[in-house]
1. If you take every residue apart from Leu106 with its C-beta less than 15 Å away from the C-beta of Leu106, what net charge results, scoring Lys and Arg +1 and Asp and Glu -1?
2. Could you tally the net charge around Ala21, taking each other residue with its Cβ under 9 Å from the Cβ of Ala21, Lys/Arg +1 and Asp/Glu -1?
3. Go ahead and estimate [θ] at 222 nm for the chain from helices alone: -39,500 (n - 2.57) per DSSP H run with n ≥ 4, summed, over the residue count, rounded to 500.
4. Give the lysines whose C-alpha is closer than 28 Å to that of Lys26, dropping any in the same chain fewer than 8 places away, or say none.
5. Would you kindly give the portion of the calculated P(r) for the stretch 10-65 that falls above 18 Å, as a percent of all Cα pairs?
6. Shape of the stretch 27-107 from its Cα gyration tensor (a ≥ b ≥ c, root eigenvalues): rounded if a/c is under 1.5, otherwise prolate when a/b > b/c, or oblate?
7. Compute the relative contact order of the chain as a whole-number percentage, counting only Cα pairs closer than 8 Å that sit 6 or more residues apart in sequence.
8. Where does the longest stretch of the chain lie that holds no GluC sites (Glu not before Pro) found in a DSSP loop with 16 or fewer other Cβ atoms within 10 Å?
Amino acid sequence: MKVNNLATFEGWIAGEDVTLAESALKAISYLDDANLVLPTLLANLDGDRAKVAMYQLQKVFSQVLASTMNSAIDDLFAREKLKITVRKETIRLLGMIQTPRSLEILK
C-alpha cells in the first residue's frame, strides 16, 4: 500500500504518542508535494517535536522553490520565540543552501 497523502499523517502527528508523531513527521518529508508538507513541519518547530521537524526541513527545502524556502526562513526568524536548536539548525541550513537570500541573512 502506497500512502502519499498528508491527511493520512496529520492525526498521528497531532497525537499523544511521541514516537508515532515523530515517525509521521519523518515520513511526510518523503511525500511528493513538498509545498504541502512545509507548513506542517514549520508548525511543529515550536514544541517537543521541533528537533525532528527541523531535520526534515533540509530534505523538504531541497524540493521547493528558493522563494518559498526564503519566505519560510524569514517567517522562522520573525517568530518571537524560537527554540535554540531550531535557530542553530536554521543558521546551519542557511550556510548549506547558499542562496543570495540565505547569504544575506547570514551577514
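1. Working: positive: Arg87, Lys88, Arg92, Arg101, Lys107; negative: Asp74, Glu89, Glu104.
For residues surrounding Leu106, the net value is +2.
2. Values: positive: Arg49; negative: Glu16, Asp17, Glu22, Asp48.
Around Ala21, the charge tally is -3.
3. On the way: 7 runs with 76 residues, N = 107.
Here the helix-only value at 222 nm equals -21500 deg cm²/dmol.
4. Lys2, Lys51, Lys59, Lys81, Lys83, Lys88
5. Values: 323 of 1540 pairs.
That fraction is 21 percent.
6. Details: a/c = 1.70, a/b = 1.10, b/c = 1.55.
Taking the square roots of the gyration eigenvalues as a ≥ b ≥ c, the stretch 27-107 is oblate.
7. Numbers: 87 pairs, mean separation 21.3, N = 107.
It rounds to 20 percent for the chain.
8. Working: sites that count: Glu16, Glu80.
Value returned for the longest uninterrupted segment is 17-79.
Every read-out reported here was derived from the displayed coordinates using simple, explicitly stated rules and does not represent laboratory data. Since the model is a prediction, treat every value here as computed from it, not as a measurement. Every residue, glycine as well, gets a Cβ built from its backbone with ideal geometry; the counts of neighbours run over all protein chains shown.
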